[in-house]
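Engineer: Before we start, here is the structure in question, set down as structure tokens.
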Ligand SMILES: Cc1cc2nc3c(=O)[nH]c(=O)nc-3n(C[C@H](O)[C@H](O)[C@H](O)COP(=O)(O)OP(=O)(O)OC[C@H]3O[C@@H](n4cnc5c(N)ncnc54)[C@H](O)[C@@H]3O)c2cc1C
């Protein structure tokens, strides 16, 4: 381990110190760049570089491998802090951490131990290719298969990902595919590809309403790779135990950051109006109402983060509980509630701030918050989640959900 890396690890030895470091990055680096990131639809490079310099892209990796072994509650607090200043930076950090969590928990072979070592040393940014033309946002369905050369054993894949965030800035991709050409659409595997071994064909642009800095056009990814690059666990298990909980909790944390800043702006507006008028303005009652919604959202997201960490501390690392129907339903509820609440809270904040919030050039502006917030219901479409969750509800009768 290099002396610089060791110094960084020592300075950020506690979760509190690491969260404080991210708050500083959010305040001093991500926030000042956020308007340009949004306006130009560019990657939040300065925030991600600062997170890399702090060694935080490998925060989840175990200390014995050079990481911090950060909990999801700690990483959620970081996503929340970033989300208050730049939602795109927060979402990039959240999506990357979801990929890292999958490798940490399910990459049990020497090959993946080496990958985690490289992640620590090189602070590699990992993007995800789960979306696919023909299946939309159905993560548990793949069309493209792994094809194997019978004589050499070499594997190949070619996948048309409809939405691939920060592909240009990424070093690696985690790609879902059908396990073989004969496998059913739901018999999937997760493959870690180094971008240098991939052919990347860009399929369009990302001139989107919000989350513009995630830079998420479609790409066709093709690669030849070694079978060792296939994560050993079945994707169904990875998805239930790690990808879904981590995505729903960390995305929810980033959205919580957006909502928190929208309410902070509404509060500033109400206070400033009160000072001017010399009394409590009529909008104060609406501020009370939106603050109650924010508190509800905060409790839900943070409670799930702590619950997940507690599950991981059990003898089977939560495998049984995370594989249960009850857990799947409740994690879906978290995503549905947080994604609806963030848009609702931003809309309420806009009603409080009025035209001051509607303007792009006002200190009370809610415009970017609202545009970013509307991506939440689309990141795995809520209608799609309601449809699968509805089917789960039929199979589950516990009323104490
Ligand atoms: C900011 C952002 C970043 C993203 N980053 C990535 C990334 O890095 N990697 C990646 O792989 N993907 C990424 N995605 C993709 C995302 O997670 C979804 O997979 C994708 O947005 C789904 O695309 P879709 O809405 O076009 O398709 P669909 O999910 O097919 O939805 C299309 C429409 O059909 C509706 N619908 C779908 N199923 C049902 C149903 N059963 N009942 C009723 N209505 C239904 C949906 O509500 C929606 O209105 C990102 C998305 C966003 C918004």
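Here, each number is a calculation from the coordinates, and none is a lab measurement. Quantities reported herein were computed from a predicted structural model and do not represent experimental measurements. Backbone-built Cβ (ideal geometry, glycine too); neighbour counts: all protein chains shown.
Engineer: Sort 139, 129, 325 by Cβ crowding within 10 Å, fewest neighbours at the top.
Structural biologist: 325, 139, 129
Engineer: Considering only DSSP beta bridges whose two residues both sit in the chain, what percent are antiparallel, to the nearest 5? Let's see the in-between values first.
Structural biologist: Values: 23 of 28 bridges.
Counting only bridges with both partners in the chain, antiparallel ones make up about 80 percent.
Engineer: Over 5 Å intervals from 0, what percent of Cα-Cα pairs in segment 281-361 sits in each interval?
Structural biologist: It works out to 3, 13, 18, 17, 13, 10, 9, 7, 5, 4, 1, in whole percents.
Engineer: Would you calculate the convex hull of the Cα atoms in the chain and tell me its volume per residue in Å³?
Structural biologist: It comes to 146 Å³ per residue, whole-number rounded.
Engineer: Taking just the alpha-carbon atoms of segment 179-319, what radius of gyration and Dmax come out, in angstrom?
Structural biologist: 22.8, 73
Engineer: Next up: How fast does segment 231-312 diffuse by Stokes-Einstein, in µm²/s, taking the Kirkwood radius from C-alpha pairs at 37 °C and 0.692 mPa s?
Structural biologist: D = 217 µm²/s.
Engineer: Now a separate question. Quick check on the exposure proxy: order 380, 258 from fewest to most C-beta atoms within 10 angstrom.
Structural biologist: Lowest to highest Cβ neighbour count: 380, 258.
Engineer: Round to a whole angstrom and tell me the spacing of the C-alpha centers of segment 209-237 and segment 371-387.
Structural biologist: The distance from the Cα centre of segment 209-237 to that of segment 371-387 comes to 20 Å.
Engineer: Could you state the angle between the C-alpha long axis of helix 15-25 and the longest principal axis of the C-alpha atoms of the chain, as a value from 0 to 90 degrees rounded to the nearest 10?
Structural biologist: Orientation of helix 15-25: about 70 degrees from the principal axis.
Engineer: Mind telling me which of 357, 390, 69 comes out most flexible in a GNM of the chain, alpha-carbon contacts under 10 Å?
Structural biologist: 390
Engineer: Could you calculate the FRET efficiency of residue 319 with residue 362 from 1/(1 + (r/R0)^6), where r is the beta carbon distance between them and R0 is 51 Å, rounded to 0.05?
Structural biologist: Details: r = 50 Å, r/R0 = 0.98.
Taking R0 as 51 Å, the efficiency between residue 319 and residue 362 is 0.55.
Engineer: Taking Cα pairs under 8 Å and at least six residues apart, what relative contact order does segment 235-395 come out at, in percent?
Structural biologist: Reported relative contact order: 32 percent.
Engineer: If you don't mind, another one. Find how many whole Å separate the alpha carbon centroid of segment 164-184 from the alpha carbon centroid of segment 19-79.
Structural biologist: What the calculation gives is 24 Å, centre to centre.
Engineer: Which of these, 354, 278, 204, has the largest mean-square fluctuation under a Gaussian network model of the chain (Cα springs below 10 Å)?
Structural biologist: 278
Engineer: For the chain, modelled as a Gaussian network with Cα springs under 10 Å, which listed residue fluctuates most, 330, 320, 97?
Structural biologist: Highest fluctuation among the options: 320.
Engineer: How tilted is helix 284-312 with respect to the longest principal axis of the chain? Cα atoms for both, answer in degrees (0 to 90, nearest 10).
Structural biologist: Helix 284-312 and the main axis of the chain meet at about 30 degrees.
Engineer: Please report the orientation-averaged projected area of segment 235-395, defined via the convex hull of its C-alpha atoms, in nm².
Structural biologist: The orientation-averaged projected area of the Cα hull of segment 235-395 comes to 10.6 nm².
Engineer: For Cα pairs less than 8 Å apart in space and 6+ apart in sequence, what is the mean separation divided by the residue count of segment 171-290, i.e. the relative contact order in percent?
Structural biologist: It comes to 19 percent, rounded to a whole number.
Engineer: Helix 110-122: angle to the longest alpha-carbon principal axis of the chain, degrees 0 to 90, nearest 10?
Structural biologist: That works out to roughly 40 degrees.
Engineer: Could you work out the per residue convex hull volume over the alpha carbons of segment 3-124, in cubic angstrom?
Structural biologist: 93
Engineer: Okay, next question. How large is log10 I(q)/I(0) at q = 0.10, 0.15, 0.19, 0.23 Å⁻¹ when the Debye formula is applied to the Cα atoms of segment 128-229, each weighted equally and without solvent?
Structural biologist: -0.26, -0.58, -0.89, -1.24
Engineer: Grab the Cα-Cα distance for residue 201 and residue 387, subtract it from 0.36 nm times how many residues apart they are, and report the gain in nm with one decimal.
Structural biologist: Working: separation 186, 0.36 × 186 = 66.96 nm, distance 3.26 nm.
Gain on stretching residue 201 to residue 387: 63.7 nm.
Engineer: Give me the distance in nm between label points sitting 7 Å out from Cα along the Cα-to-Cβ direction at residue 227 and residue 111, one decimal.
Structural biologist: Calculated label separation equals 0.9 nm.
Engineer: Taking the number of other C-beta atoms within 10 Å as the exposure measure, put 18, 359, 196 in order starting with the fewest. Could you put the intermediate results ahead of the total?
Structural biologist: Details: 18 22, 359 14, 196 8.
With the fewest neighbours first, 18, 359, 196 line up as 196, 359, 18.
Engineer: As a test of the formula, what do you get for the chain when each DSSP H run with n ≥ 4 contributes -39,500 (n - 2.57) and the sum is divided by the residue count, at 222 nm and rounded to the nearest 500 deg cm²/dmol? Mind showing how you got there, number by number?
Structural biologist: Details: 15 runs with 209 residues, N = 401.
It comes out at -17000 deg cm²/dmol, rounded to the nearest 500.
Engineer: So what is the relative contact order of the chain, in percent, for Cα pairs below 8 Å that sit 6 or more residues apart?
Structural biologist: 16
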